[in-house]
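The structure under discussion appears below in the form of C-alpha cells.
The values are calculated or read from the model by the stated rules, or taken from the named source; none is laboratory data. Everything numeric in this text was worked out from a predicted model, so none of it was measured. Reconstructed Cβ throughout: ideal geometry from the backbone, glycine too, with neighbour counts over all protein chains shown. What goes into the accessible areas is simple: the full protein's heavy atoms, side chains included, and nothing from ligands, DNA or RNA. Shrake-Rupley method; radii C 1.70, N 1.55, O 1.52, S 1.80 Å.
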Amino acid sequence: MQLTVWTYEGPPHVGAMRVATAMKGVHYVLHAPQGDTYADLLFTMIERRKERPPVTYTTFEARDLGGDTAELLKAAAFGAFERFQPDLMLVGASCTAELIQDDPGGVAKTLGLPVPVVPLELPSYQKKENWGAAETFYQLTRALCLSQAPKPGEAFERSERARPRCNLLGPTALGFRHRDDITELTKLLDRIGVDIHVVAPYDATAADIARLPDADFNVVMVPEIAGTAAKWLSRTFGQPATKTTPIGVGATRDFIAEVGELCGIDVSALLAEEASRLPWYSRSVDSTYLTGKRVYIFGDATHAIAAARIAAEEFGFTVVGLGTYSREQARDVRAAAERLGLTALITDDYLDVEAEIEALRPELVLGTQMERHIAKRLGVPCAVISAPVHVQDFPARYSPQMGFEGANVIFDTWVHPLMMGLEEHLLGMFREDFEFADGAAPSHLSHGGAAQAPVVEAAPVVLEAPANEDEAAPGWSSEAQDELKKIPFFVRGKARRNTEKFATERGLGTITLETLYDAKAHFGR
Amino acid sequence: MTAFTGQTRQDEAELRSPAAPRPVLKERGQREVFCGLTGIVWLHRKIQDAFFLVVGSRTCAHLIQSAAGVMIFAEPRFATAIIDDRDLAGLADANDELDKVVDRLLSRRPDIRTLFLVGSCPSEVIKLDLSKAAQRLSKTHMPGVRVLNYSGSGIETTFTQGEDACLAALVPELPADDAPSLMVVGALADVVEDQFRRLFDAMGIERVDFLPPRESTKLPGVGPNTRFLLAQPFLAETARCLQERGARRIAAPFPLGVEGVTDWLWAAAQIFGVPRDRFDATVAPGRKRAQLALERHREALSGKSIFFFPDSQLEPPLARFLSRELGMKVIEVGTPFLHREHMAEELALLPEDALVSEGQDVENQLDRCRDAAPDMAVCGLGLANPLEAEGVTTKWSIELVFTPIQGFDQAGDLAELFTRPLDRRARLAV
Ligand code: SF4
C-alpha cells in the first residue's frame with residue numbers, strides 16, 4: 001500500500017484509452033464501475049477533443065455483483081458494436097473488474113463479432129498508464145500483423161518504392177505535444193529523403209496497423225509507448241528501429257545521422273546547416289546570464305533525459321537533479337544522471353520529488369504539472385517538459401518538442417520563466433537608482449502618488465507561505481531591514497527566506513547586516 | 001439516429017405510483033457520472049481539520065486529482081492509499097500496511113483532528129473491513145485524532161452520494177442533546193451558511209447548527225427535539241441516520257432561487273413558531289435583492305430550452321428554479337437517483353411536460369438530447385465539449401456543486417452560471 005497525494009500516471013487502462021482514442025474505427029469495451037468514466041474528461045477537457053473517447057463502460061454496480069457480471073460485459077460489447085460499428089474492438093477490465101475475474105479475454109473470444117476483437121490484460125495493481133499504452137499498442141500490432149510473419153529463415157518481402165519509408169510509432173491521444181511532433185518529424189524525415197509509411201496509433205486505422213511491416217524501418221517516437229511493439233516488429237519482420245529521440249539540437253543531429261546510416265543516405269549537407277536558432281541564441285551575449293543556472297529535471301524518461309542533455313550542452317545550465325517516474329526506463333535515466341555526476345531519483349511518489357526540490361533549491365524546475373505546483377509554491381521559475389500536463393499545455397499554436405523547430409520552442413519555453421535574465425543584470429547595476437527604489441511604480445504605470453502603492457512588492461510575498469509558522473522567525477535589525485529593501489523586489493523574497501533560514505539554523509535571534517551578508521555568502525554559489 | 005435495441009438493460013417505462021403521480025423514465029445502462037469519492041474535493045475544503053484517505057487503486061487517485069482539476073492546493077487534505085499486488089495476496093498484511101500509511105500521514109499532518117478512511121470499489125470487493133480498521137486506528141490515535149470511515153465507491157455511490165455517506169458516518173458521533181434545535185444538513189459554502197444563520201437569528205430561532213461543521217471537533221448535538229432541514233437534495237442516508245437518533249426532518253423544497261429559499265426558510269419558521277409578519281420582515285430585503293438580480297437574467301433565459309443529464313441530484317430543484325423564476329422550458333430532468341419523499345415538494349413544482357428520468361443510459365440519453373436540440377444542456381465534464389462540438393451549448397454540472405448557489409444573495413450568481421454560456425455563444429463570431 002502506497003500513500004499517494006498526486007499520481008504521475010493513471011492506471012494501465014487509461015493507457016489503453018489513449019491508444020484507442022488516438023485511432024480511428026476502434027472501440028474499447030471496458031468492464032468498470034461508473035466512477036471510472038471520469039477518464040473521458042481527460043480527453044474532452046484536458047486535450048479538448050471534440051468527440052468522446054470511443055469507450056463503452058459496463059458501469060456495473062454492487063447489486064450486479066451477485067449476478068452475472070460477465071453477461072453484462074458481453075451485452076455492453078454487443079451494444080457497442082451495433083451502435084458504433086468499429087473495425088476493431090478492444091475488450092478489457094479496470095482495477096475493480098480485474099478483482100471480480102470475469103475474464104474479459106475469454107468473453108472476447110466468445111463474442112463472435114465479424115471484426116477482430118483484441119482482449120487486453122492489464123494488471124492494474126502492478127502496472128501504470130504508459131505500460132498499459134505500450135501493451136495495448138503491442139497487442140494490437142501483434143493481432144493485426146502476425147499472420148503476415150515470414151516463415152523462420154525467410155525474409156519479409158517489402159514492396160518496391162523510390163524512397164525508403166518508415167513508420168512513426170508511439171504518438172497517442174493525451175501525449176505531450178505528440179500532435180505537433182508528428183508534423184515536425186514528417187518534415188524532417190522528408191528532408192532526409194524518407195517517406196512516412198504509417199503513423200500509429202495516432203489517427204491510424206486497424207488496416208494501417210496491418211500495413212506496418214511493409215515499412216523499411218521504425219522511428220520510435222515515444223519509447224515508453226512504442227518500445228514493446230517496435231521490438232516485436234524488429235524480431236518478427238526484421239524491421240530496424242531508431243534509438244535516438246530527436247529532442248534538442250544535438251539529439252536531432254544524432255537522429256539525422258542514425259537515419260542516414262539506416263537508409264544509406266548522405267546527410268552531411270543537412271547536418272552542416274544551422275537549422276535551429278537555439279545554438280546562436282544560446283551563444284549570443286544576452287544569454288550569459290543562463291550560465292550555470294541550477295536546474296532540476298523530472299519527467300517521463302524520454303523527456304527527462306532529453307532535457308538534461310539540452311540543459312547541460314545547449315543552455316549551459318548546471319543540472320542539480322534528474323529523475324523520472326518511468327520505472328520501466330529507469331536504467332537509461334540512471335545512466336544519464338551518472339554522466340552528469342548525479343544520482344537519479346526514480347520514484348512515482350510526489351512527496352519524494354517535492355522533498356528533493358526543496359532540498360536542492362534550484363533556480364529553474366523543468367518538470368510535469370506536479371513540479372509546476374511545487375515550483376509555484378516555492379517561488380521558483382518552472383517550465384513543463386513532460387506529461388502529465390494540464391489544459392494549457394495543449395497550446396493552439398504549433399509547438400513541437402522534436403526536431404529543429406522543437407529546439408526553438410524549447411529555447412523560448414525555458415527562457416520565458418527566466419525572462420528577468422537581462423533585466424536582472426540591469427537591475428543589479430542600477431539598484432541604487434531612484435527608478436528601482438521601492439516606491440517606484442513600473443514605468444508603464446502613471447506617475448504620481450499611487451506610485452507608493454506596495455503592489456509591486458506584494459506580489460512575490462504572496463507566493464511564499466511562511467516555511468514554518470510555529471517557529472518564531474528571527475527579528476530583523478533596522479539596518480538589515482533597510483539593506484534588504486535595496487535588493488530588487490523579485491529576488492527579495494528569496495533573500496529574506498534564505499537569511500531567515502540561515503539565522504534560524506544558527507540560533508541567531510536577530511538578523512544584523514552581518515547576518516544578511518553571511519547568508520548571502522553561504523547561499524551564493 | 002436509428003432506434004437502438006442492442007443494449008440488454010433496456011429502459012423500463014415507469015408506472016404512476018400514488019406517492020409520485022408523475023411518470024418517471026427509469027433507465028439502466030452506461031452511466032456517465034463520477035463516483036462518491038468526488039465529494040472529497042469539496043468536503044476537505046469545508047471541514048478544515050479533516051483528512052480524507054481513500055483506500056483504493058491508482059484509478060481512484062487519478063479520479064480525484066482529475067476531478068479536482070485546476071483546484072490543486074499546495075498540500076491537499078486528501079490522499080490515496082493505493083492497494084498493490086502484495087496487499088491483494090493477504091488481508092492481514094493490508095491492515096498492517098494501512099496502519100503504516102496512516103502513521104506516516106498523521107505524523108506529517110499534526111493539524112488533523114478527524115481522519116476519514118474512504119472505501120472504494122477495490123476495497124469493497126476484496127472486503128477490506130474499513131470500519132474495523134477505523135476502530136482500531138481510533139484506539140491508537142485518540143484523543144488527538146478520531147478515525148471514521150465511509151464508502152465512496154462507484155459500485156455503491158454516485159457523485160454527491162459520497163457526501164451523504166460521509167455525513168452519515170458523522171451522525172453516530174454527534175453528542176446526544178435533548179434541547180430543541182434546528183440543524184441545517186449538507187455542506188454549504190461558509191458565506192452561505194453565515195447568511196442563513198443571520199436570517200434564522202433575525203427570526204428568533206435560537207439554536208441553529210450546521211452539519212458538517214467547519215471544525216470536526218465541534219459536532220452539533222442531536223436528539224428528539226432536533227428538527228432538521230436538508231440544504232442539499234442528496235442526503236437520503238444522512239437523513240435516515242438522523243431520524244434514527246430521534247431528529248425529525250422538516251419537509252421543504254431546496255434553497256435555490258427566491259421561491260426555494262423562501263419556502264425552505266418558511267418551513268423551518270413555522271416549526272419554530274415564527275409569526276408570518278416577522279418572517280416576512282426578515283426575508284423581505286433578501287428577496288428583493290434576489291428578485292432584482294434575477295431580472296436581467298430572465299431576459300436572457302426566458303423561453304430558452306434546457307436538458308439535464310443526471311449528475312448531482314440537484315437537477316430537479318435547479319429545473320424548478322429555471323422554469324418558474326426564469327421562464328426556461330425544461331425538456332428533460334435527468335437525475336442519478338430520485339428520492340421521492342425528499343423531492344416531493346420539488347416534483348410538485350416542476351412543469352407538467354418536463355420529462356423526469358432516473359438512472360442513465362448515456363447513449364440513449366444523448367440521442368434524446370440531439371432530437372430535442374435544446375438551447376442548453378447541463379452535463380458532466382466528459383460530455384460537455386463533445387456536445388459543444390455538435391452545436392449544443394452546455395453548462396458543466398460540476399460547477400453547480402462547487403459554487404455557492406444557495407440562498408437569496410446567490411440567486412443571481414446561480415442564474416449567471418446559465419446565462420454565461422449563452423452569452424458566450426452569442427458573442428462569438430468565429
Ligand atoms: S468507481 Fe470505484 S474504482 Fe473507480 S474511482 Fe470510483 S471508487 Fe475508485
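Here A:Glu261, A:Glu328 are screened, and the one residue that is modelled with pLDDT of 95 or more and surrounded by fewer than 24 Cβ atoms within 10 Å (Cβ to Cβ) is A:Glu261.
Once segment A:93-121 is narrowed to residues that are part of a loop (DSSP other than H, G, I, E, B) and within 16 Å of the ligand (Cβ to nearest atom), the residue that is most open to solvent (accessible area, probe 1.4 Å) is A:Gln101. Screening segment A:207-223 for residues that are open to solvent by 10 Å² or more (accessible area, probe 1.4 Å) and more than 20 Å from A:Ser399 (Cβ to Cβ) and picking the one that is nearest to the chain's Cα centre (by Cα) gives A:Pro223.
Being buried (at least 24 other Cβ atoms within 10 Å of the Cβ), more than 8 Å from every other protein chain (Cβ to nearest Cβ) and either out of contact with any strand residue (DSSP E or B) (no Cβ under 7 Å at 6 or more places or on another chain) or free of Cβ contacts under 8 Å to residues at least 60 places away in the same chain (or both): is that true of A:Arg63 here? Give the derivation first.
On the way: buried (at least 24 other Cβ atoms within 10 Å of the Cβ): no; more than 8 Å from every other protein chain (Cβ to nearest Cβ): yes; either out of contact with any strand residue (DSSP E or B) (no Cβ under 7 Å at 6 or more places or on another chain) or free of Cβ contacts under 8 Å to residues at least 60 places away in the same chain (or both): yes.
So A:Arg63 does not fit the description; no.
Scanning segment B:125-137 for residues that are open to solvent by 20 Å² or more (accessible area, probe 1.4 Å) and either among the basic types (Lys, Arg) or away from the ligand (no atom under 16 Å from the Cβ) (or both) yields B:Lys127, B:Asp129, B:Ser131, B:Lys132, B:Gln135, B:Arg136.
Could you grab me the full set of residues in segment B:396-408 that are within 14 Å of another protein chain (Cβ to nearest Cβ) and crowded, with 19+ Cβ neighbours inside 10 Å? Of everything in segment B:396-408, those that are within 14 Å of another protein chain (Cβ to nearest Cβ) and crowded, with 19+ Cβ neighbours inside 10 Å turn out to be B:Trp396, B:Ser397, B:Ile398.
Scanning segment B:382-394 for residues that are within 14 Å of chain A (Cβ to nearest Cβ) and open to solvent by less than 20 Å² (accessible area, probe 1.4 Å) returns B:Gly382, B:Leu383, B:Ala384, B:Pro386, B:Leu387, B:Val392, B:Thr394. Within segment B:307-363, being among the hydroxyl-bearing types (Ser, Thr, Tyr) and buried (at least 23 other Cβ atoms within 10 Å of the Cβ) holds for B:Ser312, B:Thr335, B:Ser357. Set side by side, the residues A:Pro362, A:Pro388, A:Pro395, A:Pro400 differ, and just one is surrounded by 20 or more Cβ atoms within 10 Å (Cβ to Cβ) and closer than 23 Å to B:Ser66 by Cβ, which is A:Pro388.
When every residue of segment A:33-54 is checked against the conditions, none turns out to be closer than 22 Å to A:Asp87 by Cβ and assigned to a strand (DSSP E or B).
At least 3 residues being facing chain A (nearest Cβ under 9 Å) is the threshold, and among the strands (runs of 3 or more DSSP E) wholly inside segment B:41-145 those reaching it are B:50-56, B:78-82.
With the checklist (1) crowded, with 19+ Cβ neighbours inside 10 Å; (2) within 26 Å of A:Phe217 (Cβ to Cβ); (3) without any contact (Cβ under 8 Å) to a residue 60 or more places away in the chain in hand, flag the one item A:Ala308 doesn't pass. It is condition (2) that A:Ala308 fails.
Could you tell me how many of the residues in segment A:292-305 are in a helix (DSSP H, G or I) and open to solvent by less than 10 Å² (accessible area, probe 1.4 Å)? Final tally of qualifying residues: 2. The residues of segment B:146-164 that are open to solvent by 20 Å² or more (accessible area, probe 1.4 Å) and either away from the ligand (no atom under 16 Å from the Cβ) or within 14 Å of another protein chain (Cβ to nearest Cβ) (or both), listed by number, are B:Arg146, B:Ser151, B:Glu156, B:Gln161.
Selection over segment A:225-241 of residues that are open to solvent by 10 Å² or more (accessible area, probe 1.4 Å), at negative phi and not aromatic (Phe, Trp, Tyr) gives a count of 8. Going by what's in this entry, would A:Asp87 be described as more than 8 Å from chain B (Cβ to nearest Cβ) and in contact with a Gly (Cβ under 6 Å, 6 or more places away or on another chain)? When the stated conditions are applied, A:Asp87 passes them.
Those residues that are within 8 Å of another protein chain (Cβ to nearest Cβ), in contact (Cβ under 8 Å) with a residue 60 or more places away in the chain and either more than 16 Å from B:Glu124 (Cβ to Cβ) or surrounded by fewer than 24 Cβ atoms within 10 Å (Cβ to Cβ) (or both), I need them from segment A:27-42; list them, please. Once the filter is applied, which keeps residues that are within 8 Å of another protein chain (Cβ to nearest Cβ), in contact (Cβ under 8 Å) with a residue 60 or more places away in the chain and either more than 16 Å from B:Glu124 (Cβ to Cβ) or surrounded by fewer than 24 Cβ atoms within 10 Å (Cβ to Cβ) (or both), segment A:27-42 yields only A:Leu42. Scan segment A:72-92 residue by residue and report those that are in contact with a helix residue (DSSP H, G or I) (Cβ under 7 Å, 6 or more places away or on another chain), under 22 Å from A:Ala133 (Cα atoms) and in a helix (DSSP H, G or I). Matches in segment A:72-92: A:Leu73 only. Residues in segment B:301-337 that are more than 18 Å from the chain's Cα centre (by Cα) and either modelled with pLDDT under 95 or of a type outside the set (A, V, I, L, M) (or both): B:Ser302, B:Gly303, B:Lys304, B:Ser305, B:Phe307, B:Ser323, B:Arg324, B:Glu325, B:Gly327, B:Lys329, B:Glu332. Residue count for segment A:162-195 satisfying the condition of being within 15 Å of A:Leu212 (Cβ to Cβ) and open to solvent by 50 Å² or more (accessible area, probe 1.4 Å): 2.
Filtering segment A:468-525 to residues that are modelled with pLDDT under 80 and of a type in the set (Val, Ile, Thr) leaves A:Ile487, A:Val491.
Does A:Ile225 satisfy the criteria of being of a type in the set (Val, Ile, Thr), farther than 30 Å from A:Arg327 by Cβ and in contact with a helix residue (DSSP H, G or I) (Cβ under 8 Å, 6 or more places away or on another chain)?
Taking the combined requirement at face value, the residue does not satisfy it.
Condition check ((1) touching a strand residue (DSSP E or B) at 6+ places or on another chain (Cβ under 9 Å); (2) more than 15 Å from A:Ile297 (Cα to Cα); (3) touching a residue at least 60 places away in the same chain (Cβ under 8 Å)) across all residues:
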{"residue": "A:Ala337", "(1), (2), (3)": "yes, no, no"}
{"residue": "A:Glu358", "(1), (2), (3)": "no, no, no"}
{"residue": "A:Gly367", "(1), (2), (3)": "yes, no, yes"}
{"residue": "A:Ala375", "(1), (2), (3)": "yes, no, no"}
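Is it the case that A:Gln85 is farther than 23 Å from B:Asp311 by Cα, surrounded by fewer than 24 Cβ atoms within 10 Å (Cβ to Cβ), within 24 Å of the chain's Cα centre (by Cα) and not aliphatic (A, V, I, L, M)? So A:Gln85 fails the test. The set of residues from segment A:43-59 being within 7 Å of chain B (Cβ to nearest Cβ) and within 16 Å of the ligand (Cβ to nearest atom) comprises A:Thr56, A:Tyr57, A:Thr59. Within segment B:35-61, residues that are more than 8 Å from the ligand (Cβ to nearest atom) and open to solvent by 10 Å² or more (accessible area, probe 1.4 Å) have Cβ atoms under 8 Å from residues that are of a type in the set (Phe, Trp, Tyr) and not in a strand (DSSP E or B) in these pairs: B:Trp42/B:Phe402, counting only partners at least 6 apart in sequence or on another chain.
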